[in-house]
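Asks: Please read through the structure below; I'll follow up with questions.
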Amino acid sequence: MARNCIVVNLDRCTGCFGCEVACKMENGVALGERWSKVFTVGPVGEYPDMTRYALPTMCQQCENAPCVSVCPTGASYRDGNNVVLVDKEKCIGCKLACPYGVRSWNAAEKCAEKCTLCGHLTSQDKLPACVKSCAAGARFYGDLDDPDSDASKELAKYSEGDIHTLQDVGNHPATRYIMTSMIGQWQDRIAPADHPHTAAYPVAE
């Protein structure tokens, strides 16, 4: 079974928010909601050894997706391509289980929504909107189990120590992040600093 996901090369990412914009435009995401979110991690450390980087997040396509296993109605499910999706007709809006806070609430339709890996595009051999529009060429899409996929080819350029995931709480996120010492030290999780321009990605306690 395919493990399709997005690989983000943080050495290239400029934090321009273009992925957020492309996602909203392609998928008609409601005003005030985001399926793709760019956080700022840091600054952390002591001068001059400090780390600060942009961290784009979206559905991590977890191998053991808690949103699927706990969904009481079966609204969260895997399709025939092993992609985690939400059936709006079944969703009752309990907003359960995502450890990364990447789901949005569609108030008009009264249902949860999230990144779909642009299945309507990838089914036609096109790239997800965020990948296609990335000005820095920092995003790659493909099957982690296919060595010829764009995602696998990019990962193959780096050592294991340069490849990261968001903090794994038993869900095994599929999305991979590349970050080398050129950028700084990868942070599994940091508490949000008391500053309006600094945030950390949310992880359930």
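The values are calculated or read from the model by the stated rules, or taken from the named source; none is laboratory data. As the structure is a prediction and not an experimental result, all values here were calculated from the model. Counting neighbours? That spans all protein chains shown, and the Cβs are built from the backbone with ideal geometry, glycine included. The area values use the complete protein model at the heavy-atom level, side chains included, leaving out ligands, DNA and RNA. Shrake-Rupley method; radii C 1.70, N 1.55, O 1.52, S 1.80 Å.
Asks: Which is touching an Asp or Glu at 6+ places or on another chain (Cβ under 9 Å), crowded, with 19+ Cβ neighbours inside 10 Å and closer than 25 Å to Cys13 by Cβ, of Ser76, Ser104? Steps first, answer last, please.
Replies: On the way: Ser76 fails: closer than 25 Å to Cys13 by Cβ.
Of the residues listed, the single one that is touching an Asp or Glu at 6+ places or on another chain (Cβ under 9 Å), crowded, with 19+ Cβ neighbours inside 10 Å and closer than 25 Å to Cys13 by Cβ is Ser104.
Asks: Can you tell me which residues in the stretch 1-21 are touching a helix residue (DSSP H, G or I) at 6+ places or on another chain (Cβ under 6 Å) and open to solvent by 20 Å² or more (accessible area, probe 1.4 Å)?
Replies: We begin by selecting, within the stretch 1-21, every residue touching a helix residue (DSSP H, G or I) at 6+ places or on another chain (Cβ under 6 Å); these are 7, 18-19.
Gly18, the sole residue that qualifies.
Asks: Any idea which of Cys134, Cys111, Cys71 is within 19 Å of the chain's Cα centre (by Cα) and either within 17 Å of Ile6 (Cα to Cα) or open to solvent by less than 40 Å² (accessible area, probe 1.4 Å) (or both)? If you could, list the steps in order and put the result at the bottom.
Replies: Details: Cys111 fails: within 19 Å of the chain's Cα centre (by Cα); Cys71 fails: within 19 Å of the chain's Cα centre (by Cα).
Every option except Cys134 fails the conditions.
Asks: Still on this structure, please answer the following. Among the numbered criteria (1) surrounded by 14 or more Cβ atoms within 10 Å (Cβ to Cβ); (2) free of Cβ contacts under 8 Å to residues at least 24 places away in the same chain, which single criterion is violated by Tyr47?
Replies: (1)
Asks: Which of the residues spanning the stretch 5-33 are touching a strand residue (DSSP E or B) at 6+ places or on another chain (Cβ under 6 Å), in contact (Cβ under 8 Å) with a residue 60 or more places away in the chain and either among the aliphatic types (A, V, I, L, M) or in a loop (DSSP other than H, G, I, E, B) (or both)?
Replies: Correct list: Ile6, Val7, Val8, Leu10, Cys13, Ala30, Glu33.
Asks: Cβ contacts < 7 Å: first residue over 12 Å from Lys95 (Cβ atoms) and without any contact (Cβ under 8 Å) to a residue 40 or more places away in the chain, restricted to the stretch 106-127; second residue part of a loop (DSSP other than H, G, I, E, B) and of a type outside the set (Gly, Ala, Ser), any location; separation 6+ or different chain. Result?
Replies: From the stretch 106-127, the pairs are Glu109/Lys88.
Asks: Could you please let me know if Leu117 is under 22 Å from Cys13 (Cβ atoms) and surrounded by fewer than 20 Cβ atoms within 10 Å (Cβ to Cβ)? Explain how you work it out, then say what you get.
Replies: On the way: under 22 Å from Cys13 (Cβ atoms): yes; surrounded by fewer than 20 Cβ atoms within 10 Å (Cβ to Cβ): no.
So Leu117 fails the test.
Asks: Can you tell me which residues in the stretch 23-32 are in contact with a Lys or Arg (Cβ under 8 Å, 6 or more places away or on another chain) and open to solvent by 20 Å² or more (accessible area, probe 1.4 Å)? Please lay out each step first, then the result.
Replies: Step one: filter the stretch 23-32 for residues in contact with a Lys or Arg (Cβ under 8 Å, 6 or more places away or on another chain), giving 23-24.
Of everything in the stretch 23-32, just one residue is in contact with a Lys or Arg (Cβ under 8 Å, 6 or more places away or on another chain) and open to solvent by 20 Å² or more (accessible area, probe 1.4 Å), namely Lys24.
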